[in-house]
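Trainee: Starting off with a structure, shown below.
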Amino acid sequence: MPSKELSGRVAVAGVGTTRYGKLPEHDAYDLGVWALKEALADCGLGFEDIDGLIVNRIPDYQRFGEVTGLNPRYTTITPGQGRFSGICIQTAIAVIAAGMAETVALVYGNNGRSAGDHYGGASDAYGSGGAGLWFPYGMTSPGAFHALMMRRHMEQYGTKPEQLGAVAMAFRRHASLNPNAVMRTPFTIEDYLAARFICEPLRLLDYCLINDGGVAMILTTAERARDLRRPPVYIRGFAQASELAGSTFPPDDFWRRPMRLVAADVYAMAGVGPGDVDALMIYDNFTPTVLFSLEGFGFCPVGESGAWVADGKLQLGGALPTNTSGGHLSESYMQGWALNVEAVRQLRGECGARQVAGAELVQYMTAAPVITSMIYGKDRR
Amino acid sequence: MSEYAKPLPPDDAANRPFRDGAKRGVLMLQRCLDCGRHRFPAARYCAQCRGERSEWVATSGAGVVESFCTFHKAYWPGFEHEVPYDVVQVRLDDGVRLFSNLVGVPREQIRSGLRVRARFDPVTPEVTLVKFIQESK
């Protein structure tokens, strides 16, 4: 596991987000620059202060450096898969801890809506490639992959469609309190059940949005962050594990094995347990992922996540407010980035009508072939 | 007769034995000569033991349904007239997994644990798809 000495060593100094929706006049670079300017303004730093650069989903790091005039001392780029938001943030922590850079800009730009991304069909690149082998049988899309997993969960544990609906409804209700969310109209369980199937057992409202937008985060040392414009949000714990072997096909255990590894490490590093976090940000590409994450990280017993979420625990005012921004399902499909920003904004108390009162610890997690989690704290320890 | 409108598998040289086997009605898989495990699609190295020596072998084509899903959206024009259609996730007795279609089983009877065996479905003169039917008792 990462050294416990790194707990609270690095902080989020600034965050920036663009508008979300359909923004055809901006390409992925433009969206990244827009978000980065917002993040720099947020913390009061300038482009000249950035000495580390990590870009995600933006096609080319060199061009990004050209359009922003940046000459960082550390640079990397990662593929446009949602699991990489957590990986990038963890890489930034390691780079800062190693002294390779002091102030890292993490920049994400996604023009998927305007570019006509479909996440299925001929352009399907989910997972490890080779998807074309299965196209003749009509198999395609990350949605279908999760539908296959959810069918097994339903068969094994009796999980019900209405329980997935409870997840989607909670996040939409949160989005209704978020002025920047793309989908803000609340819906009922009847509306959920009446929504058309895309890949059964998943319906339209189980799927994340496809929209344009950009997100940036500025990470730096805890010491430097204290001198900046906003209160620092400390990264108290972080951990990662994976299930890459055989990952063309859904995992037998709903990614429980790697999630348990990550949970053990992230809580040990932060010195807290699942019962101590005030809110969760769960990577919600599809509603089932939320259930798998709650089980894998130990918030509820294996197989019981459906019943666990059904009584409003994930809603604001419930036991564990989750995806208070509306998440990927209703706020914006920023592939984990905007959820990490929401964690920061919650801990700074900036969330207005959707604020979790007295939030001191917020946990982010992704369930995918690469599992990541971070625990963000208002206090350094 | 109209042209076949659905996507066809990529015709890559590495998987040619699988493709040719299907045309003959045989499910061919690559087998590691070091640890004996089967694999598909083709790879130079065994993911289990990293051995490089392999052969292609005929297999029984028998397996079990692990899960299934039902597409209501057509991602290709060729599937527009078939929605809703089912995709099954099959684990062959040889350990290899495939995505495919189950022929002749009503949707409400598809479930995980169902025993199946390969059925070969020629769709063009060059391509035979590996689909599945329920194994008779």
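Trainee: Residues in the range B:57-75: is at least one touching a residue at least 24 places away in the same chain (Cβ under 8 Å), more than 23 Å from B:Asp93 (Cβ to Cβ) and either within 10 Å of chain A (Cβ to nearest Cβ) or surrounded by 14 or more Cβ atoms within 10 Å (Cβ to Cβ) (or both)?
Mentor: Restricting attention to the range B:57-75, the residues satisfying the condition of being touching a residue at least 24 places away in the same chain (Cβ under 8 Å) are B:57-68, B:70.
If we keep only those that are more than 23 Å from B:Asp93 (Cβ to Cβ) as well, we get B:70.
Then keep just the ones that are either within 10 Å of chain A (Cβ to nearest Cβ) or surrounded by 14 or more Cβ atoms within 10 Å (Cβ to Cβ) (or both); that gives B:70.
So far as the range B:57-75 goes, yes, one or more of its residues are touching a residue at least 24 places away in the same chain (Cβ under 8 Å), more than 23 Å from B:Asp93 (Cβ to Cβ) and either within 10 Å of chain A (Cβ to nearest Cβ) or surrounded by 14 or more Cβ atoms within 10 Å (Cβ to Cβ) (or both).
Trainee: Which residue out of B:Glu80, B:Glu108, B:Glu52 is free of Cβ contacts under 8 Å to residues at least 24 places away in the same chain and either under 16 Å from the mean Cα position of the chain (by Cα) or not assigned by TED's automatic domain parsing to the domain that holds B:Thr128 (or both)? Walk me through it before giving the result.
Mentor: Numbers: B:Glu80 fails: either under 16 Å from the mean Cα position of the chain (by Cα) or not assigned by TED's automatic domain parsing to the domain that holds B:Thr128 (or both); B:Glu108 fails: either under 16 Å from the mean Cα position of the chain (by Cα) or not assigned by TED's automatic domain parsing to the domain that holds B:Thr128 (or both).
None of the other options fit; the residue is B:Glu52.
Trainee: Looking at the structure I just gave you, is B:Phe99 surrounded by 12 or more Cβ atoms within 10 Å (Cβ to Cβ), at pLDDT 95 or above, at the interface with another protein chain (Cβ under 9 Å from one of its Cβ atoms) and not in a loop (DSSP other than H, G, I, E, B)? Steps first, please.
Mentor: Values: surrounded by 12 or more Cβ atoms within 10 Å (Cβ to Cβ): yes; at pLDDT 95 or above: yes; at the interface with another protein chain (Cβ under 9 Å from one of its Cβ atoms): yes; not in a loop (DSSP other than H, G, I, E, B): yes.
So B:Phe99 fits the description; yes.
Trainee: Which residues, counting only those in the range B:72-92, are part of a strand (DSSP E or B), out of contact with any Cys (no Cβ under 8 Å at 6 or more places or on another chain) and hydrophobic (A, V, I, L, M, F, W, C)? Full working, then the answer.
Mentor: Of all residues in the range B:72-92, those part of a strand (DSSP E or B) come to B:85-92.
Narrowing further to those that are out of contact with any Cys (no Cβ under 8 Å at 6 or more places or on another chain): B:85, B:88-92.
Correct list: B:Val88, B:Val90, B:Leu92.
Trainee: Moving on to the next point. Among (1) of a type outside the set (A, V, I, L, M); (2) within 30 Å of A:Tyr29 (Cβ to Cβ); (3) within 13 Å of another protein chain (Cβ to nearest Cβ); (4) surrounded by 17 or more Cβ atoms within 10 Å (Cβ to Cβ), where does A:Phe171 come up short?
Mentor: A:Phe171 satisfies all of (1) of a type outside the set (A, V, I, L, M); (2) within 30 Å of A:Tyr29 (Cβ to Cβ); (3) within 13 Å of another protein chain (Cβ to nearest Cβ); (4) surrounded by 17 or more Cβ atoms within 10 Å (Cβ to Cβ) except (3).
Trainee: For the range B:24-39, which positions are more than 13 Å from the chain's Cα centre (by Cα) and either of a type in the set (Ser, Thr, Tyr) or within 14 Å of chain A (Cβ to nearest Cβ) (or both)?
Mentor: Within the range B:24-39, B:Gln30, B:Arg37, B:His38 meet the criteria.
Trainee: Right, another one. How about the range A:52-66: which of its residues are exposed (fewer than 15 other Cβ atoms within 10 Å of the Cβ) and part of a helix (DSSP H, G or I)?
Mentor: Within the range A:52-66, A:Gln62, A:Arg63, A:Glu66 qualify.
Trainee: Here's another thing I want to ask about it. Residues in the range A:210-230: is at least one modelled with pLDDT of 95 or more, within 30 Å of B:Phe40 (Cα to Cα), under 20 Å from the mean Cα position of the chain (by Cα) and not aliphatic (A, V, I, L, M)?
Mentor: No, the range A:210-230 contains no residue that is modelled with pLDDT of 95 or more, within 30 Å of B:Phe40 (Cα to Cα), under 20 Å from the mean Cα position of the chain (by Cα) and not aliphatic (A, V, I, L, M).
Trainee: Okay, moving on. Quick check: is even one residue across the range B:7-20 of a type in the set (S, T, N, Q) and modelled with pLDDT of 95 or more? Talk me through it step by step, then tell me what you get.
Mentor: Within the range B:7-20, the subset of a type in the set (S, T, N, Q) is B:15.
Pick out the ones that are also modelled with pLDDT of 95 or more and you get B:15.
Among the residues of the range B:7-20, at least one is of a type in the set (S, T, N, Q) and modelled with pLDDT of 95 or more, which makes the answer yes.
Trainee: Among the numbered criteria (1) touching a Leu at 6+ places or on another chain (Cβ under 8 Å); (2) surrounded by fewer than 20 Cβ atoms within 10 Å (Cβ to Cβ); (3) free of Cβ contacts under 8 Å to residues at least 60 places away in the same chain, which one does B:Asp94 miss?
Mentor: Tallying (1) touching a Leu at 6+ places or on another chain (Cβ under 8 Å); (2) surrounded by fewer than 20 Cβ atoms within 10 Å (Cβ to Cβ); (3) free of Cβ contacts under 8 Å to residues at least 60 places away in the same chain, B:Asp94 fails exactly one: (3).
The values are calculated or read from the model by the stated rules, or taken from the named source; none is laboratory data. Just so you know, these numbers come straight off a predicted model, no measurement behind them. Every residue, glycine among them, receives a Cβ derived from its backbone with ideal geometry; neighbour counts consider all protein chains shown.
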